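The values are calculated or read from the model by the stated rules, or taken from the named source; none is laboratory data. A quick note: this is a predicted structure, and the numbers were derived from the prediction, not measured. Glycine also receives a Cβ, built like all others from the backbone with ideal geometry; neighbour counts cover every protein chain displayed. The protein model used for the area step is the full one, side chains on, heavy atoms only, and it has no ligands, DNA or RNA in it. Shrake-Rupley method; radii C 1.70, N 1.55, O 1.52, S 1.80 Å.
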Amino acid sequence: MQAHGLVHRYGDNVDTDVIIPARYLNTASRQELAAHCMEDIDNGFTGRVRPGDMIVAGRNFGCGSSREHAPIAIKASGISCVIAGTFARIFYRNAINIGLPILECPAAAEEIVAGDELRIDFDTGRIDDLTSGKSYQARPFPPFIQNIIQKDGLMGSLTHL
């Protein structure tokens, strides 16, 4: 499984309240959530993001509340992967549960800049920055998590047993 896209860059401690503001939590519509993704930290995000693009951020991405709306909004906006130095544990778990690939890679999180073009091989954890020519190594997902992501989330993986 691979991903290819351009980078949208954010710093440390991006919390779930800026990923999807609480005023939009009264909807279950993935498209509505995507339309407001990142608007409190980057109000031009939804106009720039293209299917396959990626988010690269610093430490503690997804901190704050335990809402599943945050990874749903990111995935529904077209983001194919989030790379960060570290993730808040509940965000990490929610992302996997809804089938959003996320990779912890501190070196990549420090060096990759907005607009870089990345290619990721999820089977090996390799991140290639096609713009800078650098490569980074994240820990690949074990097969059971790869299965969850490939089946579009935990529920999809259970229906395909």
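Are there any GluC sites (Glu not before Pro) in segment 1-103 that are in a DSSP loop and have at most 10 other Cβ atoms within 10 Å? List them by number.
none
Using 0.36 nm times the number of residues separating Thr46 and Arg139, minus their current alpha carbon distance, what extension gain do you get?
30.6 nm
Run a plain Debye calculation on segment 82-121 (Cα atoms as equal point scatterers, no solvent) and give log10 I(q)/I(0) at q = 0.31 Å⁻¹, rounded to two decimals, same order as the q list.
-1.08
Semi-axes of segment 19-161's equivalent ellipsoid from the Cα gyration tensor, sqrt of 5 times each eigenvalue, largest first, rounded to whole Å?
Over the Cα atoms of segment 19-161, the semi-axes work out to 22, 20, 13 Å.
Within segment 99-161, list the chymotrypsin sites (Phe, Trp or Tyr not before Pro) lying in a DSSP loop whose Cβ has at most 11 other Cβ atoms in a 10 Å radius.
none
In terms of modelled amide H atoms, which long-range or inter-chain residues lie less than 5 Å from the amide H of Ala57?
Tyr10, Ile83, Ala84, Gly85
Using only the alpha-carbon atoms, what does segment 1-66 span along each of its principal axes? Please give whole angstrom values in decreasing order.
That gives 33, 26, 25 Å along the principal axes, largest extent first.
Using a simple charge model, +1 on the beta-carbon of Lys and Arg, -1 on the beta-carbon of Asp and Glu, nothing else, what dipole does the chain show about its Cα centre, in debye to the nearest 20?
380
Find the relative contact order for the chain and round it to a whole percent, using C-alpha pairs within less than 8 Å whose residues are 6+ positions apart.
Reported relative contact order: 24 percent.
Keeping every protein chain present and rolling a 1.4 Å probe, give me the accessible area per residue for segment 1-147 in Å².
45
Projecting each Cα onto the charge dipole of the chain (Lys/Arg +1, Asp/Glu -1 at the beta carbon, about the Cα centre), which of Gly125, Ala109, Phe141 comes out farthest on the positive side?
Ranked along the dipole, the leading option is Phe141.
Considering every pair of different Cα atoms, what Kirkwood radius, in Å, is found for segment 67-141?
Hydrodynamic radius (Kirkwood, Cα pairs) of segment 67-141 is 12.7 Å.
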